[in-house]
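To start, the structure under review is shown below, and the notes come after it.
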Amino acid sequence: MATRTDAPTRREQILREAARLFAERGFHGVGVDEIGAAVGISGPGLYRHFPGKDAMLAELLVGISGRLLTGAKRRLEEADGVPSEAVLDSLVEGHIDFALDDRPLITLHDRELDRLRDSDRKLVRQLQRQYVELWVDVLCAVHPGLAEPAARSAVHSVFGLLNSTPHLGRPGSLPGRAATAALLHRMARGAFAAAVE
């Protein structure tokens, strides 16, 4: 999701490897020593960056929910806050970038959200609701005849479609990132079109 070209910080490296390992083997199946080894530091060295695995999990799941919402708000602001077909396309493209580039976080969210502290889990849910409602507002503005409950169902359905990327097979088995992104985009827009017919 990041558009920066500079090298990731040590903290970002730790989070990326923790997400990958947690997604592959589960939160309890991974020790701090393994995460440390994946980034070239000792397990105890991780504690200079995070108080523990729970903090890593919270930062991963709260962080991605926050980044998705911030990105969606930015896309709308770049259109002067006016919902349009172009904004809807931009939202879809942003979520596709997440779905293709951060596949471990989707798996992690599905499997490990309940392991978060109540306050962190509530924050994730709050950010997700805001993200959904932004999409619903754009979709209803683009298709004024679409009732809000139907728009909300359509948005959740499109998220389910796009967030299925961890089940598409190994990255090398896909037809290429650009082709996969284009296919997902057509399918998402097709789902929205079906909702308004």
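The values are calculated or read from the model by the stated rules, or taken from the named source; none is laboratory data. Quick caveat, the model's predicted, so the values are computed rather than measured. Using ideal geometry, Cβ is built from the backbone for each residue, glycine included, and neighbour counts are taken over all protein chains shown. The protein model used for the area step is the full one, side chains on, heavy atoms only, and it has no ligands, DNA or RNA in it. Shrake-Rupley method; radii C 1.70, N 1.55, O 1.52, S 1.80 Å.
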Legend entry - Angle between the chain longest axis and helix 177-196 axis [Cα atoms, degrees, rounded to 10]: 40
Inset, instruction - Express the carbon and sulfur contribution to the solvent-accessible surface of region 112-197 as a percent, rounded to the nearest whole number, probe 1.4 angstrom. - result: 56
Legend entry - Extended-chain gain in nm, criterion 0.36 nm per residue less alpha-carbon gap, Ala194 and Asp97: 32.6 nm
Legend entry - P(r) tail fraction, region 140-197 - alpha-carbon pairs more than 20 Å apart, %: 33
Legend entry - Residue-normalised accessible area of the chain, given per residue in Å² at a 1.4 Å probe: 52
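Can you bin region 83-197 into rounded, prolate or oblate? Criterion: square roots of the alpha carbon gyration tensor eigenvalues sorted a ≥ b ≥ c, rounded for a/c under 1.5, prolate for a/b above b/c, oblate for the rest.
Since a/c reaches 1.5 but b/c is at least a/b, the shape of region 83-197 is classed as oblate.
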Legend entry - Inter-probe distance in nm under a simple model that places probes 7 Å from Cα toward Cβ, at Ala37 and Leu168: 3.1
Inset, instruction - Return one number: the angle in degrees, 0 to 90 and rounded to the nearest 10, between the long axis of the Cα atoms of helix 103-112 and the longest principal axis of the Cα atoms of the chain. - result: 80
Legend entry - Rounded to the nearest 20 debye, dipole of the chain from Cβ charges on Lys, Arg, Asp, Glu: 460
Inset, instruction - Choose one of Leu76, Leu139, Gln126: the residue whose Cα lies farthest towards the positive end of the charge dipole of region 71-146 (beta-carbon charges +1 Lys, Arg; -1 Asp, Glu; about the Cα centre). - result: Gln126
Legend entry - Dipole in debye (nearest 20) - region 1-86, about Cα centre, beta carbon charges: Lys, Arg +1; Asp, Glu -1: 180
Inset, instruction - Can you pull the one-decimal nm distance between simple spin-label points at Arg177 and Asp89, each 7 Å off the Cα toward Cβ? - result: 2.1
Inset, instruction - In a Gaussian network model over the chain where Cα atoms closer than 10 Å are linked, find which of Phe50, Phe159, Phe27 has the largest mean-square fluctuation. - result: Phe50
Legend entry - Computed [θ] at 222 nm, helices only, for the chain once each DSSP H run of length n ≥ 4 contributes -39500 (n - 2.57): -23500 deg cm²/dmol
Legend entry - Pair Arg111, Glu133: separation of 7 Å Cα→Cβ label points (nm): 3.3
Legend entry - Of Asp89, Asp102, Asp33, the one that fluctuates the most in a GNM where the chain has Cα springs shorter than 10 Å: Asp33
Inset, instruction - Rounding to the nearest 20 debye, state how big the charge dipole of region 95-142 is about its Cα centre with +1 on each Lys and Arg Cβ and -1 on each Asp and Glu Cβ. - result: 240
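Compute the semi-axes of the equivalent ellipsoid of the chain, taking the square root of 5 times each eigenvalue of the Cα gyration tensor, and list them largest first in whole Å.
33, 18, 15
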